[in-house]
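Participant: Please see the structure below; I have some questions.
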Amino acid sequence: LVLATLPGRAALADVNRFVRWRIAMQEAAIRTLCLTQSSPAFTLVMDVSGLRRFHLSKEARLCTAELSRVMQAYYPDFLAKTLVVNTPPAFACAWSLLRPLLPPALLVKLQLQKGPPPDAIADACGPSGSPMPS
């Protein structure tokens, strides 16, 4: 289980710097969770309670596109599931428009929550109830 918040406006100004920062977070998660090639998967819990207009800007989209490219090329199997929590009301409308455009493989790994329900977090931790692999 890896917790993430949205980056600030300054972090999105430089695509390469943003990707290097996010890859450093990825590598730290791999070391902390003792992930290996035989058991690489983790759940990312992303808190979007701080979602702002600039998170949908051209700069943010460029950062997201490059990060997606790098993650698919170098870390394709490390993300088991993404749980997006604290989604604002407008997010549901946007999601209904975006969902049909996304690949089914991504949709299987993505779960949205209006708030931070403990059940969703507990489910993300798996049967051991611990975010650490057993």
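Participant: Specify which of the listed residues (C63, C34) is open to solvent by 60 Å² or more (accessible area, probe 1.4 Å) and in contact (Cβ under 8 Å) with a residue 24 or more places away in the chain. Spell out the reasoning first.
Facilitator: Values: C63 fails: open to solvent by 60 Å² or more (accessible area, probe 1.4 Å).
Testing whether each residue is open to solvent by 60 Å² or more (accessible area, probe 1.4 Å) and in contact (Cβ under 8 Å) with a residue 24 or more places away in the chain leaves just C34.
Participant: Looking at (1) without any contact (Cβ under 8 Å) to a residue 40 or more places away in the chain; (2) within 19 Å of G8 (Cβ to Cβ); (3) surrounded by 11 or more Cβ atoms within 10 Å (Cβ to Cβ), which is the only condition R53 fails?
Facilitator: (3)
Participant: Let me ask another. Where in region 19-134 are the strands (runs of 3 or more DSSP E), entirely inside, with at least 1 residues that are at pLDDT below 80 and of a type in the set (A, V, I, L, M)?
Facilitator: 42-47, 79-85
Participant: Turning to a different aspect of this structure: Is region 80-88 home to any residue that is open to solvent by less than 50 Å² (accessible area, probe 1.4 Å), out of contact with any strand residue (DSSP E or B) (no Cβ under 6 Å at 6 or more places or on another chain), of a type in the set (S, T, Y) and within 21 Å of G8 (Cα to Cα)?
Facilitator: Looking through region 80-88, none of the residues is open to solvent by less than 50 Å² (accessible area, probe 1.4 Å), out of contact with any strand residue (DSSP E or B) (no Cβ under 6 Å at 6 or more places or on another chain), of a type in the set (S, T, Y) and within 21 Å of G8 (Cα to Cα).
The values are calculated or read from the model by the stated rules, or taken from the named source; none is laboratory data. Keep in mind the model is a prediction, meaning the values are calculated, not measured. Methodologically, a virtual Cβ is constructed for each residue, glycine included, from the backbone with ideal geometry; neighbour enumeration extends over all protein chains shown. Surface accessibility is based on the protein's heavy atoms, side chains included, excluding ligands, DNA and RNA. Shrake-Rupley method; radii C 1.70, N 1.55, O 1.52, S 1.80 Å.
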